[in-house]
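For reference, the structure is listed below as structure tokens.
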Amino acid sequence: MKTKMVPMLLTLFTLLLVAAPVAWSAESIHIAVSAPLTGNFAEYGQNWQKAISMAVEWINAAGGIKGRPLEIVYGDSKSDPKDSAALAQKFTSDNRIVAEIGDFSSTASMAAQPIYDRAGMVQLSPTTSHPKWAPGSPWSFGIVGTQAGEGPFMARYAIERLGKKRIAVLHINNDWGIASKEYFVNAATEMGAQVLGVESYFETEKDFTGVLTKLRGLKPELIYVPSFYNEMALISKQREKLGWTDVVVMGPGSLYSPKLLELGGNSVNGLYTSAVFFPNDPRPEVQKFVKGFEAKYKATPNMFAGVAYDAINLMAETIRKVGTDRKAIRDELVKTKNFPGVTGKIAFTERRDVVKDYRHLVVKDGQFTLFDK
Amino acid sequence: MPLYDFVPRRDNWYVWLPVLAALLLFPLLVRSEYILSIAVYAGIYIILTSSLNITNGYTGLFSFGHAAFYGIGAYTAAILATRLGLSFWLTLPLAGVVAGIFGAAIALPTLRLTGIFLALVTIGFQEITFLVTLNWIGLTRGPMGIPAIPPPAIGGVALSGNLGYYYLILALDVIVLGLLSRIVTSRVGRAFVAIREDELAAQSAGIPTFRMKILSFVIATFFAGIAGAFFAHHARFVSADSFRLDETFAILTMLIVGGMGSLVGPVLGAVLLVVLPEASRFLAEYRGVVYGLILIGVILFRPEGLAGVPGIIQARGALSRVDKPSGAGEPVG
Amino acid sequence: MSLLEIQSVSVSFGGLMALKRVSFALEEGEIVGLIGPNGAGKTTLFNCLSAFQPASEGHLRYSGIALETLSPHQVAALGVARTFQTSRIFRRMTVLEHLLVGRHLHQRTGLWAAIARPAWVAREEAEARECGLRTLALFEDRLLPRLHDFADTLSYANRRRLEIARALVAEPRLLLLDEPTAGMNPHESAGIVQLIKKIRDLGITVLLIEHDMKVIMGVSDRIVVLDHGEKIAEGLPEEIRRNEEVLRAYMGRRYGRA
Amino acid sequence: MLELRGVSTRYGPVQVLWEVSLTVGEGELVCLLGGNASGKSTTMKTILGLVHPVRGEVLFRGRPIHRDTPAQVVRAGIAPVLESRRIFPQLTVYENLLMGAYTRTDGPGIRQDIEAVYERFPVLRERRGQLGGTLSGGEQQMLAIARALLARPRLLVMDEPSMGLSPLYVEKTFEVIQDLNRQGIAILLVEQNANMALAIAQRGYVLQTGRIVLADTAQNLVNHPMMRKAYLEL
Amino acid sequence: MLVPQLINGLTQGSLYALIAIGFVIIFGTMNLVTFAHGEVYMAGAFVGAFAMSLWHLPWFVALVMGMAAAWVLGFLIEKVAFRPLRTAGHMPPLLITIGLSIILKDLAVVLFGAENRPVPSIYEQTVRLAGVQVSVLQLVILGLAGTLFLVLRLVIQGTKIGRAMRATAQDHEAASAMGVNVNRVFSIAFALASCLGGAAGVMIGIYYNAVYPTMGGTAGLKGFAACIFGGLTSIPGAILGGIIIGVVENLTVQFLASGYRDVVAFLVMVIVLVLRPQGLLGRKLKTV
């Protein structure tokens, strides 16, 4: 009777399931990182990974945390909410893991939020800036600032500093982009600007000629583009090719990266942005980070590397204070005041997010320079 | 008796007892949330592959849009639960019904097409569903997805850990497989297979083929919707990315690797392909490559999969009858 | 009233006339042979009768009911069963399953009954199985021992038999057989002749397309001859045998003398 | 020139030819007769290399060709006129002719031969720019024959050239066949139309359910009692 | 803004058309559908991008290299996926190409990273034509696509191999009986189709200044939609389909919203398939 094959095979699978977990060294302190290491956002996740690895190397070289080395468990979420939730299951069920850093996009972070909430583990996202994110669970923390802060800041920059009143918006169509757009548009309208049109694009799009042609028809003086530097480079180049030169381009701090200059070439000259992280910042912690990063990776760190670096250092600092209990870590993290991050001072509000200082930047001759006028 | 021929019957039900016992005891042995969550995912994919098997395997209609119906089910449950506050026990059947209605709506105009054309229309539908979900922000919250879907509650107690979900999906799997096995071993299931094997002969045996094909599509999409509802209440978050063409391909790969046209095949395929990538994290970067190689290897060397009925994917749709001069005699180099 | 009346039926494929005003009738209980050279339109006529192919003109009446507007499964439901020129068996179904499919019209299990399985479903299945086994008995020991074999493991001759069995189990009043002996050796063909006679004795009217003249001459009560889509002769086997027109249709005109 | 020795061919599980043996001599016109489904077309496909026999061999001018590809068979000097003509409907008449010369590389020779077939079939010259599918059945038959001639064959294998043609074109076709044979091209004529074929052939074979049942001179076959039987089972 | 949008659409549509023609050639000669065509296009784009950005070769050399690479890749795919399964029906080759497309995409991610690879800009100027500002690059792309259409037409209509391809497409047994090596024709047809896809990839890389591993997915599907528009078997139909999709997309951006433009492309595809499966210009396919 070959039908016995059925239960036998199923038993085999059962065994496979049981055998799946992997063992790792016992004395280390484990922190999980859920980040897009592959997929559309891989580049940003890899930035994190570089900064975090370097920070961990430094911490361990200095004797670890009270003698125990720090070990990072990376999980590739592709910034896909489903994978991010699956990783959350995995991390929270692993008793050695004391806290988690991630995820990249607001969407992915929020998908995993209920799982961390249920399990009682800190979820500290370096980049999630959706205003509704951190308040969603007592276990959620954000350190990049929220759109509620950055949007009005950028609107003021456009209207009051640059004097542009006819504005159009082109935003990435995700949680972050929509929140960015809304806070910017509301603030700009309040400040008396005229928002002529709002267009959006999906993260996978590379062709902006159609939407740029449409926006151009509205004859704006300034376009505000909440997007990432990858798309911004394409938008700038395609705008240039269409011959649309009589417009000012501006975007939030997510654009700030040496990569933008590399990818965008001449077309990004004259682009206005802001930064919470600026490599020429003379503060010693920033210089230490930038020098170390440049030595190790032969590249200048960008904002994404900066916030990840801050996240891991803040986490290490907290663990150093209270040990490895998940609850204790949360309770200590809430109290953070004036942590000296490379992206500015970190102090959590009662909503467990932070208020950032932004610097005005403009691209001049292929370089980011501080804008002061 | 070959594995693909296995159907639970009165005289062989007892072989399932040890399996069921093992599955019931399994969570008590492993006690790991992570492993349980993998098991829960395997359970969801068992429903998805088994339901896709009704159209692609039993009826021989190649649908390439299963993830769309899965997504429709998930969104239906998510919207009903978060907006109207319906409980899981209501959203589950409703999600199935809505997905089934969509299935019928797609099937009615398109099932007159066969073979590759049907595959293409379903791909088109898949993409359209994805894009509409992404764009219709008022209903679906677009790219932001729908968070905070309440967990199922049993006797007033909401499920919290994966243990509860595990037993829930186990029960759901047993019910779904039981229903599917009753369908495929009945006059209805025979009509499906007859259509797959030879539509003209089926018609001349008095089978209303068009109506049966619609029925098969509706059954498949209904259960895809059920799987979607469970997914929504388990992940507690849905977004359009989870239901893209890649997801259809993943389900299809599981079905093909497990084997089409049998009850056992899809179960094996789903479990294997959910567990394998998790058990081989070291392959992380090459996961897609490994998936692709498995798919190609299976089609080239064992087209019936692990436990499928041989020869189904080679079945020729109407279109291939266009090239009638070929295929006769020995192949000639 | 005749069981089947074919009245001036024409079929054209994009200008090409496959059938030209063909008329004849079948009486209850008859075996009628339908012959003609390749391309004469025999299978086209079958396809018309089973509603796979609409007639461009003319009428088809089966016990007074017009067949033109029906779909194939409705024609089958009226009691018209057929086999196909190139065996259309269900390759991955067993012999028994073929017979159960053949009983489709006599069963009523739908989706809900399949799921709920009330007692009558089991009775219905048992009845279908009974009937199937009875039908297989007509083929002596050819198919009975292979009850659980997949059809694609059957020999060519057995596939043709299986097709006939599947049609018979539906208890048709009219059976359309399209070349039942194709690919059979003379001994097997002789068996088919006996079988067709047995089928007639069950009270089933048979319309038979066949190339094997021995079979046709041996079994038909009457013969209808088609050539180039036209009926060129109709009559008793003896008459057809002597008909010069038929001979010409098969062997061609004499070159230079026609 | 062409010799089949005990050739058996099957399509999957179905054996169609059983030990078929026949010969065609240099410059001969031989017909292969048989009723429906007797295996005539399969014999032809086997000769052309479109199907390979499971047993037996096919020799052409002493060389075995039964494992050759169709291209090699054409190059060896056998050109086909396929059943129901099988011209390329979406190619022009001229292009159809060029397809016949596919295996040849002598440009000037091909042009010369096309001129020659235009001479023989003036209607093709008239319609050279028209798509093959727009020709009438009879014209298509002429095109099919002309296309075969462009391979400069030593042996022409023709499958039911009379099928589906009006009586007028049947006669015309047979005239052409006879004419070609007089010019020294050997012809194997596969036909259902026995009387017509035997009137122009020198010898004939009769196939019945995949087996050769009669082989004789055309004259003897015309009135052979077995002939009627082979066709009508009288 | 209508005229600039039409020009955007035309440019984009001509590239969809190049991809679509590939599907037509493959379906036309072999009666099969490939799903790896988008990845061939991606591979061509990467080779072109590397040629320009790493080896600093002129764009036309990059174009030729991209096309050559795609040719080779297409040739290999035909050998691996289609040759062993010639008589196996539609699904197995289709599924194999799905597997291949997953593999190629993931290999590209592993080898080149998931991020955009920049492609240097060329022809950044604009000219005024009849009062409308037009990008020179768009004109160059349109010209190139037009040239490729013409060359393809010459190859298919005027050469021996082109004739053999058409003959094989119409009746491959008859073609075989004429002495055509059908396998070789299939190889060449597949490679030719891939080569056009590669050309489209290189040009799209230059047009958008970026290449990335996942670029094949949507582009492949859009090319496919265009090919269905033309009924799977008609090259002029595919060109028309590509251009219509390109233009309709840009009009959708102009009058609706950017997010809906792909919906329109696929809606068109589904409606055409349901109402007129043979496409607008395709020949009617026989069924049964």
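The values are calculated or read from the model by the stated rules, or taken from the named source; none is laboratory data. Note that the structure is a prediction, hence the values are computed from the model and not measured. As a convention, Cβ positions derive from the backbone with ideal geometry for all residues, glycine included, and neighbour counts pool all protein chains shown. For the accessible areas, the whole protein counts, side chains as well, though only heavy atoms, and no ligand, DNA or RNA atoms are used. Shrake-Rupley method; radii C 1.70, N 1.55, O 1.52, S 1.80 Å.
Using the Cα centre as the reference, give the magnitude of the dipole from point charges on the C-beta atoms of the protein assembly as shown (Lys, Arg: +1; Asp, Glu: -1; all else neutral), rounded to the nearest 20 debye.
Numbers: 140 positive and 116 negative charges, 90 e Å.
In total the dipole reaches around 440 debye.
Across 20 Å bins from 0, what is the distribution of all Cα-Cα pair distances for chain A, in whole percents?
29, 53, 16, 2, 0
Give, in whole angstrom and from largest to smallest, the semi-axes √(5λ) of the equivalent ellipsoid of the range D:101-234, with λ running over the eigenvalues of the Cα gyration tensor. Write out the running numbers ahead of the final one.
Details: eigenvalues 198, 55, 30 Å².
After scaling each eigenvalue by five and taking roots: 31, 17, 12 Å.
Please list, ordered by chain and number, the residues whose modelled amide H lies under 5 Å from the amide H of A:Val33; skip anything fewer than 5 residues away on the same chain.
A:Val73, A:Tyr74, A:Gly75, A:Ile101
Evaluate E = 1/(1 + (r/R0)^6) for A:Glu350 and E:Gln125, where r is the Cβ-Cβ distance and R0 equals 41 Å; express this FRET efficiency to the nearest 0.05. Don't skip to the end; give the middle numbers.
Numbers: r = 55 Å, r/R0 = 1.35.
Once rounded, the FRET efficiency stands at 0.15.
As a test of the definition: which semi-axes, in Å, follow for the range A:150-275 when you take the square root of five times each eigenvalue of its alpha carbon gyration tensor? Largest first, please. Walk me through the numbers on the way to the answer.
Numbers: eigenvalues 78, 48, 42 Å².
Gyration-tensor ellipsoid for the range A:150-275: 20, 16, 14 Å.
Of chain A, which part is the longest with no GluC sites (Glu not before Pro) in a loop (DSSP not H, G, I, E, B) and with at most 14 other C-beta atoms within 10 angstrom? Please report the intermediate quantities before stating the final value.
Values: sites that count: A:Glu27, A:Glu350.
Answer - A:28-349.
Using only the Cα atoms, what convex hull volume per residue in Å³ does the protein assembly as shown have? All intermediate terms of the calculation are to be shown ahead of the outcome.
Values: hull volume 277.4 nm³, N = 1486.
With only Cα atoms used, the protein assembly as shown gives 187 Å³ per residue.
Short version: ³J(HN,Hα) in whole Hz for each residue of the range B:240-250, in order, from phi by Karplus 6.51 cos²θ - 1.76 cosθ + 1.60 (θ = phi - 60°), x for Gly and Pro, what are they?
4, 4, 6, 10, 8, 4, 4, 5, 4, 4, 5
Nearest 100 Å², what total accessible surface is buried between chain A and chain B (probe 1.4 Å)?
Values: alone 16220 and 16370 Å², together 28930 Å².
Between A and B, the summed buried area is about 3700 Å².
What part of the accessible area of the range B:3-323, given as a whole %, is carbon or sulfur when the probe is 1.4 angstrom?
Working: 6900 of 10020 Å².
In the range B:3-323, the share of accessible area belonging to carbon and sulfur is 69 percent.
Per-residue HN-Hα couplings for the range A:137-146, Karplus 6.51 cos²θ - 1.76 cosθ + 1.60 at θ = phi - 60°, whole Hz, x for Gly and Pro?
Those phi angles translate into 7, x, 9, 9, 9, x, 10, 9, x, 10 Hz.
Over chain C, with a Gaussian network built from C-alpha contacts below 10 Å, which listed residue (C:Asn243, C:Asn47, C:Asn185) shows the highest mean-square fluctuation?
C:Asn185
Pop out the ³J(HN,Hα) list for the range A:250-258 in order, Karplus 6.51 cos²θ - 1.76 cosθ + 1.60 with θ = phi - 60°, rounded to Hz; leave Gly and Pro as x.
Rounded to whole hertz, the list is 9, x, x, x, 4, 7, 6, 6, x.
Which is the longest run of chain C containing none of the trypsin sites (Lys or Arg not before Pro) found in DSSP loop states (not H, G, I, E, B) with at most 15 other C-beta atoms within 10 Å?
Working: sites that count: C:Arg108, C:Arg254, C:Arg257.
Between exposed loop sites, the widest span is C:109-253.
Just want the answer: with Cβ charges of +1 for Lys and Arg and -1 for Asp and Glu, which residue in B:Ala220, B:Val309, B:Leu293 is farthest toward the dipole's positive end in the range B:3-323?
Going by the Cα projections, it comes out as B:Ala220.
According to a simple spin-label model (label point 7 Å from Cα along Cα-to-Cβ), what is the distance in nm between C:Ile115 and B:Ile154?
If labels sit at B:Ile154 and C:Ile115, their model points lie 2.2 nm apart.
Looking at chain B as a GNM with Cα springs under 10 Å, which of B:Ala42, B:Ala95, B:Ala74 has the largest mean-square fluctuation?
Checking each option, the largest mean-square fluctuation is seen for B:Ala42.
P(r) for the range E:16-227: what percent of alpha-carbon pairs falls in each 5 Å bin, starting at zero?
1, 8, 15, 19, 18, 15, 11, 7, 4, 2, 1, 0
Return the percentage of antiparallel bridges among DSSP beta bridges fully within chain A, rounded to the nearest 5 %. Walk me through the numbers before you get to the answer.
Values: 13 of 44 bridges.
So the antiparallel bridges in chain A amount to around 30 percent.
Measure up A:Lys164/A:Lys364; D:Lys45/D:Lys172; A:Lys321/A:Lys345 against 22 Å on the Cα-Cα distance and list the ones that go over. It would help to have the intermediate numbers written out before the result.
Details: A:Lys164/A:Lys364 19 Å; D:Lys45/D:Lys172 25 Å; A:Lys321/A:Lys345 19 Å.
Distance filter (> 22 Å) returns D:Lys45/D:Lys172.
What residues have an amide H closer than 5 Å to that of D:Gly34, excluding those fewer than 5 places away on the same chain, when H is modeled at 1.01 Å from N in the peptide plane?
When sequence neighbours closer than 5 places are left aside, the close amide H contacts are D:Glu191, D:Leu207.
Among A:Gly197, A:Ile172, A:Leu162, flag the residue with its Cα farthest along the positive direction of the charge dipole of the range A:158-197, charges on Cβ as +1 for Lys/Arg and -1 for Asp/Glu.
Positive-most Cα among the choices belongs to A:Leu162.
Identify which of E:Ala177, E:Ala36, E:Ala108 has the largest mean-square fluctuation in a Gaussian network model of chain E, with springs joining Cα atoms closer than 10 Å.
E:Ala177
Which far-off residues, 5 or more places away or on another chain, put their amide H under 5 Å from the one on A:Gly197, with H placed in the peptide plane?
Hits under the 5 Å cutoff: A:Val169.
To the nearest 0.05, how large is the calculated FRET efficiency for B:Phe301 and A:Ala61 if R₀ is 56 Å and r is the Cβ-Cβ distance? Write out the running numbers ahead of the final one.
Working: r = 51 Å, r/R0 = 0.92.
With R0 = 56 Å, the Cβ-Cβ based efficiency is 0.65.
Placing +1 at every Lys and Arg Cβ and -1 at every Asp and Glu Cβ, with all other atoms neutral, what dipole size does chain E have around its Cα centre, in debye to the nearest 20?
Values: 17 positive and 9 negative charges, 153 e Å.
My answer is approximately 740 debye.
Between B:Trp89 and C:Arg134, what FRET efficiency comes out of the Förster formula 1/(1 + (r/R0)^6) with R0 = 51 Å and r the beta carbon distance, rounded to 0.05? Walk me through the numbers on the way to the answer.
On the way: r = 49 Å, r/R0 = 0.95.
So, using R0 = 51 Å, E works out to roughly 0.55.
Sketch the reach of a paramagnetic label on A:Thr204 as a point 7 Å from Cα along Cα-to-Cβ, and name the residues of the range B:237-254 whose backbone nitrogen lies under 19 Å away.
The answer is B:238-253.
Charges on Cβ only, +1 for Lys and Arg, -1 for Asp and Glu, centred on the Cα centroid of chain A; of A:Gly217, A:Pro81, A:Trp244, which one is farthest towards the dipole's positive end?
Positive-end residue among those listed: A:Pro81.
With a 1.4 Å probe on protein heavy atoms only, tell me which residues of the range B:200-221 lose at least 30 Å² of accessible surface in the complex relative to the chain by itself.
When all protein chains are present, B:Leu200, B:Ala201, B:Gln203, B:Ser204, B:Ala205, B:Gly206, B:Ile207, B:Pro208 each give up 30 Å² or more of accessible surface.
Would you mind telling me the antiparallel percentage of the DSSP bridges in the protein assembly as shown, rounded to 5?
Values: 63 of 129 bridges.
Around 50 percent of the beta bridges assigned by DSSP in the protein assembly as shown are antiparallel ones.
Would you tell me the mean number of C-beta atoms belonging to other protein chains that fall within 10 Å of each C-beta in A:118-130, as a whole number?
On the way: counts 7, 3, 0, 0, 0, 0, 0, 0, 0, 0, 0, 0, 1.
Per residue, the number of nearby Cβ atoms from other chains is 1 on average.
In nm, to one decimal, how far is the modelled label at E:Arg153 from the one at C:Gln85, with both set 7 Å along Cα→Cβ?
4.1
Compute, for the range B:177-249, the length of the dipole vector about the Cα centre, with Cβ point charges of +1 (Lys, Arg) and -1 (Asp, Glu) only. Units Debye, rounded to 20.
Values: 8 positive and 6 negative charges, 69 e Å.
That gives a dipole near 340 debye.
I want the antiparallel fraction of DSSP beta bridges within the range D:2-232, as a percent rounded to 5. If you can, show how the numbers build up before the last one.
Numbers: 21 of 40 bridges.
In the range D:2-232, DSSP labels about 50 percent of beta bridges as antiparallel.
What does the average come to when, for each residue of peptide E:30-38, you count the partner chain Cβ atoms lying within 10 Å of its Cβ? Working shown, then result.
Values: counts 1, 6, 2, 4, 0, 3, 0, 0, 0.
Mean number of neighbouring Cβ atoms from other chains: 2.
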